[in-house]
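> One structure coming up, written as structure tokens, with questions to follow.
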Amino acid sequence: MAGIQLIRGFKDILPGETELWKYIEKIAVDVFESFGFKEIRLPVLEHSELFARSIGADTDIVEKEMYTFPDRKGDLITMRPEATASVVRAYIQHKLYAKDPVQKFYTIGPMFRRERPQKGRYRQFYQINAEVFGIASPLIDAQLIFMLTTIFSRLKVADIATHINSLGCPVCRPEFKKALSTLLSSVSGKLCSDCIRRHKKNPLRVLDCKVPACRDAMSDAPAILDFLCPECKEHFNTVKATLENLEIPYHVDKNLVRGLDYYTRTTFEIQTGSLGAQSAVAGGGRYDGLVKSLGGPDHPATGFAIGLDRLAEIISAKSDDLLQNPEIFIAAIGSQSRTAALEWACRLGIEGIKTEINLTDRSLKSQMKRADRLGAAHVIIVGENELKQGSVVMRNMLTKDQISIPVQGLVANIKQTLKGIIH
Ligand code: HAM
């Protein structure tokens, strides 16, 4: 019988890949912490209602993609398809605004959407989220985009573009929806079946349908930017001016409507040409009405999420370059030497010196081969003779220089020697 395989659309992140993932997370966390963001960790399961009320009952995510099931008592629960709703829930539930009206959080973890799997699209994927509460100013939207582009440039990601748009607010968006609906009625014969359904329930989503016939039919669609009320217009102009000031190139993309209903005003995405159909590596925007609509105070909010899987796929750095090779490999011949080697490896390990040892009865040649394969910087060779003489040989694998190190106080001696090499 074939072994049990993982579930379709799910994937294992294996050693060889995790180094890059951790590197990306570290760069993101460094940026978050230097901008005053604090980490928040949230559950993967939430009441289903949270997502229907935040992302929107008529969105693709809530209608078709959520992993929702009754728990043993019959309560409907959902594996989170995104983190923003949970961050807002926690913000309200714990009154996180009580101490300081401005709160900035980041969170990293798995999300679940039952989409059709393809390159860059998985059913369990990971996001790096940043969310800011309590700031209505457009300056923070621009700062978030600045942080995003800083993360991408520190990771040396090429072939990306920043797309921005404004989705207006409850004052001006209804006017736009009306104009859009009028156009949709006149072209409905040309739309795909999804867009015919969207026309009734979620007309904005027709704007980012990828089906060529829908794109053709929508080529004369009105632009939401022409419908913005004076406040929304000013907000968007300030975002653009601030990005220019910060020297961040951007494209205004009037069809950037995003797939979640909670957005108001600024929306943005970082898009890449290297991932085929899945062009968005990060997305976000302002969601000023969400805290209130979920039962909290009337606090503005804005944020973004980076798709970690997608980012890892387009990064040029290879995990191999990020692997931390052992500083020391102990090649031990004979059982007595292996016992000594294990003790030294433990003591070197707790000193933070990355050490590998050989615990099987292999020839010195095969052990040296393994040390080479692991990219060890130094090899210590120890056999019965070395133990008797009270000193071991340490070989620098790059220069091939060999020095003798006394066994007495070996760990301190090695530390001293490595210090000398580094400085
Ligand atoms: P989103 O655009 O749905 O936004 O997702 C953000 C990013 O997650 C996407 O740009 C993409 O890189 C990644 N992503 C989404 N679905 C998948 C998938 N099936 N497989 C792999 N990667 C995927 C949100 O989730 C919002 N909560 C972002 C936000 C935060 N807005 C305000 N604050």
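> If I filter segment 341-365 down to residues being loosely packed, with under 12 Cβ neighbours inside 10 Å and small (Gly, Ala, Ser), which single residue comes out as modelled with the lowest pLDDT?
Gly352
> Right, here's the next one. Of the conditions (1) closer than 30 Å to Asp226 by Cβ; (2) at pLDDT below 95, Ser316 satisfies every one except a single condition; which number is it?
(1)
> Additional query: Among what's in segment 234-292 and is without any contact (Cβ under 8 Å) to a residue 40 or more places away in the chain and under 18 Å from Val132 (Cα atoms), pick the residue that is surrounded by the most Cβ atoms within 10 Å (Cβ to Cβ).
Out of the qualifying residues, it is Gly283.
> Looking at this structure, is Tyr97 within 16 Å of the ligand (Cβ to nearest atom) and either in contact (Cβ under 8 Å) with a residue 12 or more places away in the chain or open to solvent by 10 Å² or more (accessible area, probe 1.4 Å) (or both)?
Spelling it out, it is not the case that Tyr97 is within 16 Å of the ligand (Cβ to nearest atom) and either in contact (Cβ under 8 Å) with a residue 12 or more places away in the chain or open to solvent by 10 Å² or more (accessible area, probe 1.4 Å) (or both).
> If Cys214 meets every condition in (1) more than 28 Å from Lys190 (Cα to Cα); (2) touching a residue at least 12 places away in the same chain (Cβ under 8 Å); (3) away from the ligand (no atom under 15 Å from the Cβ); (4) not in a loop (DSSP other than H, G, I, E, B) apart from one, which number is that one?
Among (1) more than 28 Å from Lys190 (Cα to Cα); (2) touching a residue at least 12 places away in the same chain (Cβ under 8 Å); (3) away from the ligand (no atom under 15 Å from the Cβ); (4) not in a loop (DSSP other than H, G, I, E, B), Cys214 violates only (1).
> Taking the conditions exactly as written (within 20 Å of Ile27 (Cα to Cα), near the ligand (Cβ under 7 Å from one of its atoms) and basic (Lys, Arg)), does Arg310 satisfy them or not?
yes
> Only residues that are within 17 Å of Ala301 (Cβ to Cβ) and among the aliphatic types (A, V, I, L, M): list them for segment 33-62, please.
Answer for segment 33-62, where residues must be within 17 Å of Ala301 (Cβ to Cβ) and among the aliphatic types (A, V, I, L, M): Ile40, Leu42, Leu50, Ile55.
> Does segment 135-144 include one or more residues that are near the ligand (Cβ under 10 Å from one of its atoms), in contact (Cβ under 8 Å) with a residue 12 or more places away in the chain and buried (at least 18 other Cβ atoms within 10 Å of the Cβ)?
yes
> Right, another one. Could you list, in sequence order, the residues of segment 119-155 that are within 19 Å of Val88 (Cβ to Cβ), in a helix (DSSP H, G or I) and β-branched (Val, Ile, Thr)?
Listed by number, the list holds a single entry, Ile140.
> Return yes or no: is Val171 among the β-branched types (Val, Ile, Thr) and surrounded by fewer than 18 Cβ atoms within 10 Å (Cβ to Cβ)?
yes
> Continuing with this model, one more query. Can you pull out the residues in segment 230-269 that are away from the ligand (no atom under 12 Å from the Cβ) and in a loop (DSSP other than H, G, I, E, B)?
Leu246, Glu247, Ile248, Pro249, Tyr250, Asp253, Lys254, Asn255
> Can you tell me which residue among Arg373, Arg338 is in contact with a strand residue (DSSP E or B) (Cβ under 8 Å, 6 or more places away or on another chain), more than 16 Å from the ligand (Cβ to nearest atom) and free of Cβ contacts under 8 Å to residues at least 24 places away in the same chain?
Criteria check complete, one pass: Arg338.
> Please enumerate the residues belonging to segment 180-210 that are open to solvent by 40 Å² or more (accessible area, probe 1.4 Å), in contact with an Asp or Glu (Cβ under 8 Å, 6 or more places away or on another chain) and over 19 Å from Asp58 (Cβ atoms).
Matches in segment 180-210: Lys190 only.
> Here is a further query. Of Ile314, Ile381, Ile330, which residue is over 22 Å from Phe105 (Cα atoms), in the same structural domain as Arg89 (by TED's automatic domain parsing) and touching a residue at least 12 places away in the same chain (Cβ under 8 Å)?
Ile314
> Residues in segment 307-361 that are small (Gly, Ala, Ser) and closer than 30 Å to Ala282 by Cβ: how many?
Of the residues in segment 307-361, 5 are small (Gly, Ala, Ser) and closer than 30 Å to Ala282 by Cβ.
> Residue under question is Arg338, and the condition is that it be surrounded by 17 or more Cβ atoms within 10 Å (Cβ to Cβ) and farther than 25 Å from Leu322 by Cβ; does it hold?
yes
> Condition (residue is out of contact with any helix residue (DSSP H, G or I) (no Cβ under 7 Å at 6 or more places or on another chain) and assigned to a helix (DSSP H, G or I)) applied to segment 164-177: is it met by at least one residue?
Within segment 164-177, one or more residues are out of contact with any helix residue (DSSP H, G or I) (no Cβ under 7 Å at 6 or more places or on another chain) and assigned to a helix (DSSP H, G or I).
> Are there any pairs, at least 6 apart or on different chains, whose C-beta atoms fall under 7 Å, with the first in segment 34-61 and open to solvent by 60 Å² or more (accessible area, probe 1.4 Å) and the second aromatic (Phe, Trp, Tyr), and if so, which?
From segment 34-61, the pairs are Lys38/Phe105; Glu39/Tyr106.
The values are calculated or read from the model by the stated rules, or taken from the named source; none is laboratory data. Everything numeric here is computed off the predicted structure, so don't read it as measured data. Cβ coordinates were reconstructed from backbone atoms using ideal geometry, including for glycine residues, and neighbour counts include every protein chain displayed. Just the protein is used for accessible areas: all its heavy atoms, side chains included, with ligands, DNA and RNA removed. Shrake-Rupley method; radii C 1.70, N 1.55, O 1.52, S 1.80 Å.
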